[in-house]
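Reading through the structure tokens given below for one structure.
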Amino acid sequence: MVQQLKFILTLEEAASKGVSSPSDFLKLKEDAIILARAPISGVQDAVLALASSDRVFLGVNVEFEGLPLHHSISSEQFLVANLALNFEQELHACLLPSRFYLESFEEDVPLLLVPQHNRLALSDPVSAAEICANREHCSHPKCRALTAANKSYAQYSKCPSGVALICEGEVYKGWCIESAAYNLSLGPVQAALVDFVARGEGKGFEMITGAVLMEMNDANVSQEATARVLLETIAPGCVLNVFHCYKTAEN
Ligand SMILES: [Zn+2]
């Protein structure tokens, strides 16, 4: 069986495929494209990028059968989420110019891949008591979703949110990643689905059985309704639990 291309390649892994610089990326594109999930358009797309850690990152487009195309993840959105979820802070080179990676030029807006610390805590004391002290390294879905919300990039809406998805004992995470071109922003469920596609070894979305969404109380931009529509369609057996947070004081 042919080994599928991974969504993150070390320098050595890329070199073993004949890629030693971004000018060689086209050699990987064919293998990358088959990882795309495009049941609606039938048009598979892939983007490759070299990050500052010298790892090569992939992005592919993902469409969801039965849902309007605006729920889809473009290959550029996938790439940016793949970089952010793996704590890459800089992009060195990209095979295609990104339509998503649009930064603000306002001085007080941090760059998209700069680590965020949103200082969110759960509002409900009973749920808050269930969050582990070392939640950064904990794989409980609730701990992971709260950690994700705290890392989310919500500079424009100021409504950070995070999601954990559960499939066969594995927990996948994602957070909202807003673009300076507002309507190209990526929701937390889609970002978690990027993690699922990247690490899920080809598993189908219908195998996702649980999800946790963390978002702000009274958020101007709430993710709950759209998360329900998306998950009910692609993973009908998935149980979604929603928890609300508030911003703690800066210490
Ligand atoms: Zn925990």
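Evaluated against (1) within 25 Å of PRO68 (Cβ to Cβ); (2) touching a strand residue (DSSP E or B) at 6+ places or on another chain (Cβ under 9 Å), ASP218 falls short on exactly one condition, (1). Within the option set LEU120, LEU83, being at pLDDT 90 or above and away from the ligand (no atom under 16 Å from the Cβ) holds for one residue only, LEU83.
Among residues of the range 215-236 that are surrounded by 14 or more Cβ atoms within 10 Å (Cβ to Cβ), those with a Cβ under 6 angstrom from a residue that is assigned to a helix (DSSP H, G or I), sequence gap 6+ or separate chain, pair up as GLN223/PRO188; ALA227/VAL189; LEU230/HIS71; LEU230/VAL189; ILE234/PHE205; ALA235/PHE205; ALA235/GLU206.
Residue count for the range 229-244 under the criterion of being over 22 Å from GLY169 (Cβ atoms) and under 17 Å from the mean Cα position of the chain (by Cα): the result is 1. Of all residues in the range 145-188, those satisfying the criterion of being within 16 Å of the ligand (Cβ to nearest atom) and surrounded by fewer than 16 Cβ atoms within 10 Å (Cβ to Cβ) are GLY169, GLU170.
Somewhere in the range 141-152, is a residue within 24 Å of PRO68 (Cβ to Cβ) and touching a strand residue (DSSP E or B) at 6+ places or on another chain (Cβ under 9 Å)? For the range 141-152, residues within 24 Å of PRO68 (Cβ to Cβ) and touching a strand residue (DSSP E or B) at 6+ places or on another chain (Cβ under 9 Å): present.
No other residue among VAL229, VAL189, VAL221 is β-branched (Val, Ile, Thr) and closer than 30 Å to LEU5 by Cβ apart from VAL189. Scan the range 125-144 for residues that are within 8 Å of the ligand (Cβ to nearest atom), of a type outside the set (Lys, Arg) and touching a residue at least 60 places away in the same chain (Cβ under 8 Å) and the total you get is 0.
The values are calculated or read from the model by the stated rules, or taken from the named source; none is laboratory data. Nothing here was measured: the structure is a model prediction, and the numbers come from that model. Every residue, glycine among them, receives a Cβ derived from its backbone with ideal geometry; neighbour counts consider all protein chains shown.
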